[in-house]
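Novice: First the structure, which I've put down as structure tokens, then a few questions once you've had a look.
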Amino acid sequence: MLLSYNSIIHKAWVLRKQYLHLTGTNVYRLINSYGDALPEVTIDVYDKNILVQYFTPYEKHSKNSIYQALNELLAPKTVTEKIRLKGEDIKTHLVSGLKIPENFVVLENSIPFNISFTEGGGTGLFLDQRDNRKKVQALAKDKEVLNCFCYTASFSVYAGLGGAVRTTNIDLSKKAIEWGKKNFLLNQLDAKHHEFIVGDVWDWTKIFQKKGRAFDMIIIDPPSFSTSKTTVFTVEKDFPQLLGRGLNLLREDGILIFSTNLAKMSFSKFFQLLPKIKNFTSKPYKLIGVSSQGLDFPIDGIHLAEPYLKFIMLS
């Protein structure tokens with residue numbers, strides 16, 4: 001490599017230290033693949049624990065150089081690696097420390113979240129949504145919020161702390177729903193005053209519409225691809241229908257949030273497809289906000305021509 005791993009990691013750390021507001025936050029992305037000149041590698045800092053993920057094979061000596069640089073720069077308590085090669089199961093290994101971290105707590109914007117490195121691909125918190133979660137918190141006061149595909153309910157935690165009167169959280173995964181309840185308890189939000197549903201968003205949006213339920217804020221952050229007993233979903237094909245269903249449940253002057261991290265669907269393609277919403281709702285809408293990932297997720301403009309994360313607000 002033209003630059004040593006030590007230089008690459010140090011340069012990335014200096015950028016974060018200079019521009020990332022880390023007061024009350026001890027979790028962030030240190031290396032974002034090509035955006036930080038370390039192809040097909042991401043490195044995330046979770047307090048004193050570091051997670052390194054490889055999306056292509058790396059030689060052992062290269063990995064050792066990366067780990068040495070991390071130990072010299074940050075002196076972490078643990079370093080864990082995940083090997084995420086296309087078409088293969090994710091492999092998780094402890095590099096240094098006593099054991100792979102599970103069930104520990106980190107802070108984001110002074111808000112605690114439960115984290116685990118042992119749950120497949122996810123850790124419980126998508127770090128690229130940090131700034132967008134703050135937006136939800138700022139807009140949630142006195143609102144009733146529906147969080148579709150809620151995962152561990154981080155958006156809902158922010159909404160609850162922002163003064164939302166109630167959140168309704170839906171996910172197919174029972175484990176994710178239970179994790180979400182733990183995050184509510186961790187933040188002294190009474191889960192009894194909020195609704196947690198293990199189920200299919202497609203089914204529940206129909207149920208809510210039949211019952212005449214409506215919401216002031218709806219968050220739709222689906223996986224790029226998923227299957228259930230009744231549905232095969234892809235973001236590219238199905239997001240207009242999802243947004244149409246959301247608008248049908250949205251109160252007047254409410255806010256509908258849609259987010260996707262599907263890189264191959266560009267912003268321009270998204271906006272070209274957006275008018276198809278009209279096929280699924282008679283409600284008018286207007287675009288009130290567009291944003292993307294935080295500055296600790298840079299791209300190089302070559303391997304990715306534009307930011308991958310799309311965070312869209314409609315009203």
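The values are calculated or read from the model by the stated rules, or taken from the named source; none is laboratory data. It should be emphasised that the depicted structure is a prediction, and the values quoted were computed from it without experimental measurement. Neighbour counts run over all protein chains shown; Cβ positions are idealised from the backbone, glycine included. What goes into the accessible areas is simple: the full protein's heavy atoms, side chains included, and nothing from ligands, DNA or RNA. Shrake-Rupley method; radii C 1.70, N 1.55, O 1.52, S 1.80 Å.
Novice: Filter region 44-72 for residues that are in contact (Cβ under 8 Å) with a residue 60 or more places away in the chain, aliphatic (A, V, I, L, M) and in contact with a strand residue (DSSP E or B) (Cβ under 9 Å, 6 or more places away or on another chain); which is farthest from Ser4 (Cα to Cα)?
Specialist: For region 44-72, the residue satisfying everything is Leu51.
Novice: Looking at region 9-91, what strands (runs of 3 or more DSSP E) fall wholly within it and have at least 1 residues that are open to solvent by less than 10 Å² (accessible area, probe 1.4 Å) and farther than 24 Å from Gly124 by Cα?
Specialist: By residue number, no strands (runs of 3 or more DSSP E) qualify.
Novice: Suppose we filter region 272-305 for residues that are aromatic (Phe, Trp, Tyr) and open to solvent by 70 Å² or more (accessible area, probe 1.4 Å); how many remain?
Specialist: So the answer is 1.
Novice: Okay, moving on. Which condition from (1) free of Cβ contacts under 8 Å to residues at least 12 places away in the same chain; (2) over 20 Å from Gly97 (Cα atoms) is the one that Ala75 breaks?
Specialist: (2)
Novice: Return only the number of the condition from (1) out of contact with any Pro (no Cβ under 6 Å at 6 or more places or on another chain); (2) closer than 22 Å to Lys135 by Cβ that Gly244 does not satisfy.
Specialist: Tallying (1) out of contact with any Pro (no Cβ under 6 Å at 6 or more places or on another chain); (2) closer than 22 Å to Lys135 by Cβ, Gly244 fails exactly one: (2).
Novice: Next question, about the same structure. Hey, among the residues in region 112-155 that are β-branched (Val, Ile, Thr) and crowded, with 20+ Cβ neighbours inside 10 Å, which one's farthest from the chain's Cα centre (by Cα)?
Specialist: Checked region 112-155; the qualifying residue farthest from the chain's Cα centre (by Cα) is Val145.
Novice: Something else about it: What pairs come out if I take residues in region 184-197 that are open to solvent by less than 100 Å² (accessible area, probe 1.4 Å) and pair them with residues that are among the charged types (D, E, K, R) and part of a helix (DSSP H, G or I) whose C-beta lies under 8 Å away, six or more apart or interchain?
Specialist: Final answer for the pair search is Ala191/Lys181; Phe196/Lys181.
Novice: Next question. Does region 250-264 include one or more residues that are in a loop (DSSP other than H, G, I, E, B), surrounded by fewer than 18 Cβ atoms within 10 Å (Cβ to Cβ) and modelled with pLDDT under 95?
Specialist: yes
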